[in-house]
Each structure stands twice: as C-alpha cells, then as structure tokens.
Amino acid sequence: MIKEKLYLKAKTLEQAIYEANAHIDSFRYIAGGTDVIVNKFQGNEESSYLIDISGIDELKNTFLIGNFLSIGSLVRLDDLKKNKHLVQHFPALLEAAHSVASPMIRKTATLGGNLLCENRCSFYNQSEWWREAVGYCLKCDGDICIATGGKKNCFSKFVSDTAVVLISMNANIEVIENNISTIVPLESIYTGDGVSPRKFNKTAIIKSIQLPMHEEFKSVYKKLRQRESLEFSSLTTAVTINKSGKIKIVLGGVDPKPVVVEGATKDEKEELISQAIKKARIVDNDVYSREYRKEMIGVYLNRSFEELV
Ligand SMILES: Cc1cc2nc3c(=O)[nH]c(=O)nc-3n(C[C@H](O)[C@H](O)[C@H](O)COP(=O)(O)OP(=O)(O)OC[C@H]3O[C@@H](n4cnc5c(N)ncnc54)[C@H](O)[C@@H]3O)c2cc1C
C-alpha cells in the first residue's frame, strides 16, 4: 500500500513548488499555520498534505532594493517592529500587524500568510455540525448565502489587516510561480468573490512584499473589533497621503475584497468618504450590524483625515 503524504518541511523554494505541483489536488502551503490549522479543525480546509514553507531561508530576508523596502514573506508579524526602516517610514504597518490576533499568534503568524488568510463570515466560521444543521452556505458547497438569502454571491469578509495598510501604500508582491519571479500590485490578487477571494495560483509562493520608500507616506490606521485583545476585524480602515498629495483610502472587513478609493488633497473629503461607504458591500455577517459598520466607516475616515491634517 502506498502511504499518503501528510506533511513536508520544504528546505528550498524549488522543493516546495515541485511537491505542490506533484500533489496539486491535495496540498496546501503553511507558513505560521495560524489560519490554515484553525480552518482545518473547523472542517473548512480539506487539504490532506501540508507543505510547510517556514524553513525556506530566502523567504526571510528584508533589505533595501533601489527605492523599495523588500520584506520577506516569512517575517513574523511580531518581528516587523524590529526593522528600523519600518519603524521610521511605515509605522501604520506596524500598528496593523500589532492589531492582528494575540501576542502568541503574532510570534508565529507571518506577513505573507496574513495577506492570504481566508475570508470570514459568521455563518461560515462555525463547526461542521453547525454548518450542516443550517444546510451549509455558498462558501462550503451549499446553494444559498445564509446572510442574504441570495443564491449568487458570497459576501464573506476580507479580514487581512496588514493588506489594508499595504495596499494604501501601493505595495507590490514578488510571486514565484514555477520558478519564475513576477512583481504585481498586492491589490490585484483579490477578486471580490467571497467563495474564491484570490486570483492567485495555488502553487505560487509570495517571496516578498515591496514598499516604496520614496513616496514619504503619512498613514492613519484604524480597526473596529469586539475585543481589543483578540478579534478579527469588523472594519479596518487605512488612509494614506503621499508627498505629492495623492490620497488612498482602503477598507477591510466590509466586503469580500479590500475597498479602494483614490483621490487628491484638493478633492472634497466628504465626497471621498461617501464613495468608500457606497463601494463597501456590507451585509449582516458580523457581530456588529450592517448599519453600525456602515456608520463607522464615516466616523473612522473622518477621524483619520483629522489626524492626517
Ligand atoms: C484567534 C485568532 C485570531 C486572529 N485574528 C486575526 C486578526 O485580527 N487579523 C488578521 O488579519 N488575521 C487574524 N488571524 C488569522 C491569522 O493568524 C493571520 O492572518 C496570520 O497572519 C496568518 O499567517 P500564517 O503565517 O499563520 O498563515 P498560514 O495559516 O500559514 O497560511 C495562510 C494562507 O496563506 C498561504 N501562505 C502562507 N504563506 C504563503 C506564502 N509565502 N506564499 C504563498 N502562500 C502562502 C497558506 O497556504 C494559506 O492559504 C487570527 C487567527 C486566530 C487563530
């Protein structure tokens, strides 16, 4: 009898990608494992073969390259604050990383894993037994969205806190796919479809996250959650202005993908805020009501603009 592989600790990128291609239907990469393993216990993650990429050294390097700071995807959220460039130029990213989960989880969770953590919904992040009792939802092979009663769209929430700030700062990611490296805007990998929230080849690996140093960003980050100590986002906001007065507003926790609104300092602040509120497809799938979260977008964005001025 051939024994099925359950776990591999890959030593190199090439080995991880080779193994992934050889087990395309049954594998999942894990970095810190703080998202994948919890989903596995809830019966929301079916991969039987885990390829652990946490030992691949070339994913751990952080360095300056031209006008960019390149952060290795395996850098742990808790270690980001040790980087002097991040402290000096991107404090809002550190704030976002610090708002993820709890101290112990942040010592294991990685930045790359955070960008790809699974969307969430009060009707999906439940036990197998609970989901079966309600007849399952669109995100787990059911035929109805329990939050809206609709049959077409899944509105599971995009919850990565660091992605919201990174997108507001025009971050790119370096992706290795079949040993070829490409650099794409982080924003471009999110689809807006709650069932398959990412346009990202399953065997691809994020090598690094790249932040422009020359734009001299000023950012304000805010997160609404039930408990300050440990909770996923009910609403995350980032407002960033660069040195030439370009504004980028990004919202998380209120749509299946990050909501992005761009403008300039000459634009009416109220108009930008109202665009952001209109764009967010908020449904009742969180501990806070749809109406409250909608209201809070305006409150947080107004406060962010005041702080930036
Ligand atoms: C109690 C609790 C609270 C949490 N609270 C928050 C929160 O407030 N905010 C938040 O954003 N998250 C939260 N999380 C989710 C999770 O801890 C974080 O998103 C974390 O950063 C995920 O990183 P990881 O390295 O553990 O990812 P993993 O679980 O290892 O992986 C997550 C996904 O990314 C893929 N992946 C990982 N690294 C790479 C890579 N380099 N290239 C390609 N694919 C990769 C994996 O295949 C998987 O699909 C919480 C989790 C728990 C258990």
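Centroid-to-centroid, using Cα positions, region 1-64 and region 114-155 are 24 Å apart. Here the extension length gained between Glu262 and Glu4 equals 88.0 nm, from 0.36 nm per residue of separation less the Cα-Cα distance. This model, with +1 at the C-beta of Lys and Arg and -1 at the C-beta of Asp and Glu, gives region 139-252 a dipole about its Cα centre of some 260 debye. Mean sequence separation of contacting Cα pairs (under 8 Å, at least six apart), scaled by the length of the chain, corresponds to a relative contact order of 16 percent. Return the subset of Lys151/Lys199; Lys60/Lys84; Lys207/Lys246; Lys199/Lys279; Lys157/Lys278 for which the Cα-Cα distance in this structure is over 26 Å, preserving the input order. From Lys151/Lys199; Lys60/Lys84; Lys207/Lys246; Lys199/Lys279; Lys157/Lys278, over 26 Å: Lys207/Lys246. Across region 121-206, C-alpha contacts under 8 Å between residues 6 or more apart give a mean separation that, scaled by the residue count, equals a relative contact order of 21 percent.
Rounded, prolate or oblate: pick one for region 205-309, where a ≥ b ≥ c are the square roots of the eigenvalues of its C-alpha gyration tensor, a/c under 1.5 means rounded, and failing that, prolate if a/b is larger than b/c, else oblate. Oblate is the answer for region 205-309, as a/c is 1.5 or above yet b/c matches or exceeds a/b. Sorted on the mean count of surrounding Cβ atoms within 10 Å across their residues, most packed first, peptides 147-155, 231-239, 23-31 read 231-239, 23-31, 147-155.
What FRET efficiency would be calculated for the residue pair Lys152, Glu45, taking the C-beta separation as r and a Förster radius of 22 Å, to the nearest 0.05? Result of the calculation: an efficiency of 0.35. The magnitude of the dipole of the chain, with charges of +1 and -1 set on the Cβ of Lys/Arg and Asp/Glu and taken from the Cα centre, is near 300 debye. Per residue, the average separation of C-alpha pairs within less than 8 Å and at least 6 apart gives region 197-309 a relative contact order of 22 percent. Under the simplified labelling scheme, the Thr108-Val287 pair shows an inter-label distance of 2.1 nm, with each label point 7 Å from Cα along Cα→Cβ.
Stretched out straight at 0.36 nm per residue, the stretch from Leu308 to Ser244 would grow longer than its current Cα-Cα span by 21.6 nm.
When shorter helices are ignored and each DSSP H run of at least 4 residues is given -39500 (n - 2.57), the per-residue value for the chain at 222 nm works out to -7500 deg cm²/dmol. Annotation: extensible slack from Ile144 through Asp25 equals 40.3 nm (criterion: 0.36 nm per residue apart, minus Cα-Cα distance).
No value in this document is a laboratory result; all are computed from the given coordinates. Everything numeric in this text was worked out from a predicted model, so none of it was measured. Neighbour counts run over all protein chains shown; Cβ positions are idealised from the backbone, glycine included.
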